[in-house]
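Working notes for the structure below.
The values are calculated or read from the model by the stated rules, or taken from the named source; none is laboratory data. Keep in mind it's a predicted model, so treat the numbers as computed, not measured. Neighbour counts run over all protein chains shown; Cβ positions are idealised from the backbone, glycine included. These accessible areas exclude ligands, DNA and RNA; they are computed on the full protein's heavy atoms, side chains included. Shrake-Rupley method; radii C 1.70, N 1.55, O 1.52, S 1.80 Å.
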Amino acid sequence: MKTMILDIDGMSCEHCVRHVTEALDELNDVHKVAVDLAGNRATVEVDDSFDEAAASAAVDDAGYEVTAVRAAE
Ligand SMILES: [Cu+2]
């Protein structure tokens with residue numbers, strides 16, 4: 001397990017937070033999701049085999065844009 005941070009554009013309210021949370025929760029390699037609306041990011045606990053491209057695609061499909069993915073410090 002590791003913790004990653006996804007910077008996300010396009011979230012404006014709790015409705016958006018729920019959509020992004022659900023999109024990430026559906027991924028098999030994602031175990032915990034915490035979306036920070038004010039910070040425009042999601043912190044996720046994931047398997048070591050985490051597929052960044054698949055996670056970005058899932059968020060994009062929900063109507064938002066992942067602008068960066070990085071390991072949490
Ligand atoms: Cu919204």
With every protein chain kept in place and a 1.4 Å probe, the chain has an accessible area per residue in Å² of 57 Å²
Computed over the chain, the relative contact order (Cα-Cα under 8 Å, seq sep at least six) in percent reads 47 percent
Simple SL model, points at 7 angstrom along Cα→Cβ for Ala38 and Lys2; separation in nm is 2.9 nm
Nearest 10, in degrees from 0 to 90: the angle of helix 14-25 to the longest Cα principal axis of the chain is 20 degrees
For the chain, the Cα gyration tensor yields equivalent-ellipsoid semi-axes (√(5λ), largest first, whole Å) of 17, 12, 11
Taking Cα atoms only, helix 52-61 is inclined relative to the longest principal axis of the chain by an angle, in degrees rounded to 10, of 20 degrees
Taking protein heavy atoms only, a 1.4 Å probe, and rounding to whole percent, the accessible area of the chain owed to carbon and sulfur comes out at 44 percent
